[in-house]
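Take a look at the structure below.
The values are calculated or read from the model by the stated rules, or taken from the named source; none is laboratory data. As the structure is a prediction and not an experimental result, all values here were calculated from the model. Note: ideal-geometry Cβ built from the backbone for every residue, glycine included; neighbour counts use all protein chains shown. When the accessible area is computed, the model is the full protein with side chains, heavy atoms only, and any ligands, DNA or RNA have been set aside. Shrake-Rupley method; radii C 1.70, N 1.55, O 1.52, S 1.80 Å.
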Amino acid sequence: MLSQALAVARQTLRAGVPLARGVLDRDQLELSAKLLDTHTLRLCERFPAVLLEVFRSHADSDVTHGALSSQPLRLEQLELMDENQVQERVELARMLQHVLLEAESALPELNSYVCALVGLERISAERNPLRPDSYVKALQELMIEMRVPTQVRALWLRHLSAPLGVALRDAYLEWTEQLQRQDVRRVGFSVIRTPDVQAVSESGATARADRAVWTPQYRQTVLTLDRLRRLMVGNLDVAPVDPKDAFALQFAREFESSHDASAMPVVASESPDTGFEATVPAALDALQEMQQVDAVVQRMQQRPASQQDRTNARAPGVAVREELTRNAAGMSQVLSLEVVSLMVENLVKDKRLLPPVRTVIERLEPALLRLVNIDPRFFIDKTHPARQLLNEISQRGLAFGSEKDPDFEAFLLSLQRHVSPLSVLNIDGVQPFEVALKQLLKEWDNPVERASVSSHLQSAAAALGYAEERNLLAGQMTTQLTAIPDVRKVPSGVLEFLCGPWAQVMAEAQLKAIPGSDDPGGYKMLVNDLLWSAQPDRTRKDVGRLTKLVPRLLSGLREGLGLIGYPSARTSVFFDVLMKLHHQAFQPPVKEAPAAADNGLDASLLGNQDHWVAPAEAEASGFMALPDEQVVDLPKEVPVKPVSPVGSVSLKLGAWVELRAGGAWQRVQLSWISSHGTMFLFTSVGGKTQSMTQRLFERLLAEDKLRVVSEQASMVEEALDAVVHTAMLNSIVADL
């Protein structure tokens, strides 16, 4: 497959040489073609081994699939990247997009078969190791391994995109037909519902007007991934090293000095860059970019006043954005305005926030625009007062799923009292945001209530943490119990009791005992007595021993179960089963002995007693039990291994979910995750706690009784991540 794709890439590289617009471009294409000829054999030899390693990485669910993960690029990642890494990420994303376009017709059906082969019950495209980004990632790693220069690597990737996409499409079709012939049963789709974040018309919600200034073409030239990165690290307006930007600035200084400053944002303090080289293609691109700026400014100035008034009525930030854009002194100001506007737009269109909260955020836009025009620290410093204020508004707003919530009216009044006035102030610094933030936090902060909630959370977390520790130790006890030969000779009810409640008893005794104690409470010794007494064919041979054993055995069992607060109703039912087995010792044997456990232990008995929580621990933490944990027989399901927080849903502390309880939906925030990721503690806006195991979380999610509202701890970060995504798309389609 790779050999065929490389052959096509070599042809297109050589065909592009005579069409190159400049000497440097032509030399670069010739060099790339020659190097590809030289390295083709080595690439084909090494590619299978590298690809196999990429496939193997899918077997580890905790490993993120490299730079080409299905997870989008986030702002915090962009801030840590340099210029070359940004460009490589763009080229890889562009290549992946081309490959996906070619292969998309054949990939979904293959996903349904491959997901079945790896043991899934529903389609999960990211779990298909044969997906296109595996091949693109393998190519990237192989080129890095072979120390191919960055510019050459970018050209190779670009010319390999189309042939690799065609090759994968054909391979996907062929593999799908093979799996069909082998009668592989495909799986279906599974949809995890989350609250809609798209904008729709709602009563009480302010409609966002379409951009009048930023045409799609011009926005693509302004908001690119590299420029956004430079804005975030504070060096956007330094002398550019890119030939296009350098030529654009010098051309503007030499030939546009008499023009309106808004035609081309230039930083007056910059000194001319005498070391740049402007190629013909770069010059043409720069001229085209400046012509677009002129056209945009002209359209702004000629726009009818009536239309502008109507736009201003719909969106408070439009007039301010246009005025500041016309007077922008540099690219950093232009881009700052665009980023803030897009960020606010993302928040205003986010239906997870109630309409009144979104209105407050939209009215805050003019103040934010004026601020970032003079203070770019908003993007660089996460502790910036304005950024903290916006984060507090949006995050606390997530606590309310309905305007009828008891505390919502007070929350909204506090926003209108302290935040809304910012929209009419003359912002010349950060001080107004500092004052508003302090006033809000002071009004929201009740020391007595905060201390009470904090104490309750600590108690609940301590109870759950201890329960998790006991459960993990009980799992080890279960492993030891299943190794005893006699466990295969007793009825399954007795075995379930030993592997469930009694393993918890022994673990509890071990945790509370003095270190080094071998059998605290003697509960391990009772196991052999219980196993012997539950086999009527053996107790008939020594009825006297059984008569003496039963009182001591029952007393010891009651004492142990009381240690973990095991419900008396469950205890009585198990004792009834045990006493029936004991009575059989005094009766003649029947022709057919009672059915015993299978020789091979049921998978549900090997550590399945998942996360027993004592009544006192449940009360302290608001623990929600699985429905089938209310009966005596503990759930017979394959155990869920402890994994990183919340299984396949990557939640962080502070994330919000909607939980259906008592016939109504309520929003709760993830406040604590146990050290092994098996228990979770949620808190409502009023401080009420609810906890659950990982198993219950996944079941409620699958049954649509739990919905993830926000997987991140900051809606502002999410909104800025969406801006990064837009910049990435612009960079992919731009003719760089």
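For W672, work out the one condition from (1) under 20 Å from L73 (Cα atoms); (2) open to solvent by 10 Å² or more (accessible area, probe 1.4 Å) it doesn't fulfil.
(1)
Is the range 91-101 home to any residue that is of a type in the set (K, R), open to solvent by less than 70 Å² (accessible area, probe 1.4 Å) and at pLDDT 80 or above?
There is at least one residue in the range 91-101 that is of a type in the set (K, R), open to solvent by less than 70 Å² (accessible area, probe 1.4 Å) and at pLDDT 80 or above.
How many of the residues in the range 141-162 are within 24 Å of D27 (Cβ to Cβ), part of a helix (DSSP H, G or I) and open to solvent by 10 Å² or more (accessible area, probe 1.4 Å)?
So in the range 141-162, the residues within 24 Å of D27 (Cβ to Cβ) come out as 143-144, 146-162.
Next, only the ones that are part of a helix (DSSP H, G or I) stay: 143-144, 150-162.
Those still in the list that are open to solvent by 10 Å² or more (accessible area, probe 1.4 Å) too: 144, 150-151, 153-155, 158-159, 162.
Counting residues in the range 141-162 that are within 24 Å of D27 (Cβ to Cβ), part of a helix (DSSP H, G or I) and open to solvent by 10 Å² or more (accessible area, probe 1.4 Å) gives 9.
If I filter the range 181-190 for residues that are of a type in the set (A, V, I, L, M, F, W, C), modelled with pLDDT under 85, in contact with a Leu (Cβ under 7 Å, 6 or more places away or on another chain) and open to solvent by 20 Å² or more (accessible area, probe 1.4 Å), do I get at least one hit?
Let us first name the residues in the range 181-190 that are of a type in the set (A, V, I, L, M, F, W, C), namely 184, 187, 189.
Those still in the list that are modelled with pLDDT under 85 too: 187, 189.
Narrowing further to those that are in contact with a Leu (Cβ under 7 Å, 6 or more places away or on another chain): 187.
Subset that is open to solvent by 20 Å² or more (accessible area, probe 1.4 Å): 187.
Taking every residue of the range 181-190 in turn, at least one turns out to be of a type in the set (A, V, I, L, M, F, W, C), modelled with pLDDT under 85, in contact with a Leu (Cβ under 7 Å, 6 or more places away or on another chain) and open to solvent by 20 Å² or more (accessible area, probe 1.4 Å).
Among the residues of the range 330-348, is any closer than 14 Å to F433 by Cβ, more than 27 Å from the chain's Cα centre (by Cα), of a type in the set (V, I, T) and open to solvent by less than 10 Å² (accessible area, probe 1.4 Å)? Explain how you work it out, then say what you get.
Just the residues of the range 330-348 that are closer than 14 Å to F433 by Cβ, to begin with: 340.
In the following step, the residues that additionally are more than 27 Å from the chain's Cα centre (by Cα) were identified as none.
No, every residue in the range 330-348 fails to be closer than 14 Å to F433 by Cβ, more than 27 Å from the chain's Cα centre (by Cα), of a type in the set (V, I, T) and open to solvent by less than 10 Å² (accessible area, probe 1.4 Å).
Please verify whether the range 469-479 includes one or more residues that are over 21 Å from A614 (Cα atoms) and open to solvent by 10 Å² or more (accessible area, probe 1.4 Å). Walk me through it before giving the result.
Of the range 469-479, the ones over 21 Å from A614 (Cα atoms) are 479.
Narrowing the set further to residues that are open to solvent by 10 Å² or more (accessible area, probe 1.4 Å) leaves 479.
Yes, the range 469-479 has at least one match.
Taking into account only those residues within the range 113-140 that are part of a helix (DSSP H, G or I) and among the basic types (K, R), which is least open to solvent (accessible area, probe 1.4 Å)?
Taking the range 113-140 first, the residues part of a helix (DSSP H, G or I) are 113-117, 125-127, 132-140.
Going one step further and asking which of them are among the basic types (K, R), we end up with 127, 137.
Numbers: R127: 101, K137: 28 Å².
Ranking the qualifying residues of the range 113-140, first place goes to K137.
Can you list residue pairs whose Cβ atoms sit under 8 Å apart, with the first residue in the range 11-40 being over 14 Å from R158 (Cα atoms) and the second being open to solvent by 40 Å² or more (accessible area, probe 1.4 Å) and among the small types (G, A, S)? Count only pairs 6 or more apart in sequence or on different chains.
T40/S3
Can you give me the number of residues within the range 409-449 that are under 20 Å from L354 (Cα atoms) and β-branched (V, I, T)?
Within the range 409-449, residues that are under 20 Å from L354 (Cα atoms) and β-branched (V, I, T) number 1.
Return yes or no: is A603 crowded, with 18+ Cβ neighbours inside 10 Å and modelled with pLDDT under 90?
Values: crowded, with 18+ Cβ neighbours inside 10 Å: no; modelled with pLDDT under 90: yes.
Considered against the rule, which asks whether it is crowded, with 18+ Cβ neighbours inside 10 Å and modelled with pLDDT under 90, A603 comes out as no.
If L415 satisfies all but one of (1) under 31 Å from the mean Cα position of the chain (by Cα); (2) farther than 29 Å from D375 by Cα; (3) not small (G, A, S), what's the number of the condition it fails?
(2)
Among the residues of the range 649-659, are any β-branched (V, I, T), modelled with pLDDT under 90 and closer than 30 Å to D445 by Cβ? Full working, then the answer.
Taking the range 649-659 as the starting set, the residues that turn out to be β-branched (V, I, T) are 649, 657.
Filter once more, keeping what is modelled with pLDDT under 90: 649.
Filter again for closer than 30 Å to D445 by Cβ, leaving none.
No - not one qualifying residue is present in the range 649-659.
Return the pairs, sorted by first residue and then second, in which the second residue is hydrophobic (A, V, I, L, M, F, W, C) and surrounded by fewer than 20 Cβ atoms within 10 Å (Cβ to Cβ), the first residue lies in the range 92-112 and is outside any helix (DSSP H, G or I), the beta carbons are less than 6 Å apart, and the residues are 6+ apart or on different chains.
Every condition considered, the pairs that remain are A106/L173.
L398 is checked against (1) closer than 21 Å to N346 by Cβ; (2) open to solvent by 10 Å² or more (accessible area, probe 1.4 Å) and fails just one. What number does that condition carry?
Every listed condition holds for L398 apart from (2).
Please pick out the residue among S533, S492 that is in contact with a helix residue (DSSP H, G or I) (Cβ under 9 Å, 6 or more places away or on another chain), buried (at least 17 other Cβ atoms within 10 Å of the Cβ) and modelled with pLDDT under 90. Don't jump to the end; show me each part of the working.
Numbers: S533 fails: modelled with pLDDT under 90.
None of the other options fit; the residue is S492.
Here is a yes/no grid of residues against (1) within 18 Å of the chain's Cα centre (by Cα); (2) farther than 28 Å from E409 by Cα:
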site	(1), (2)
A655	yes, no
E658	yes, no
G677	yes, yes
G687	no, no
L696	no, yes
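With respect to K404, is the statement that it is out of contact with any His (no Cβ under 9 Å at 6 or more places or on another chain), open to solvent by 80 Å² or more (accessible area, probe 1.4 Å), basic (K, R) and within 29 Å of F680 (Cα to Cα) true? Walk me through how you get there before you give the answer.
Values: out of contact with any His (no Cβ under 9 Å at 6 or more places or on another chain): yes; open to solvent by 80 Å² or more (accessible area, probe 1.4 Å): yes; basic (K, R): yes; within 29 Å of F680 (Cα to Cα): yes.
In short, yes.
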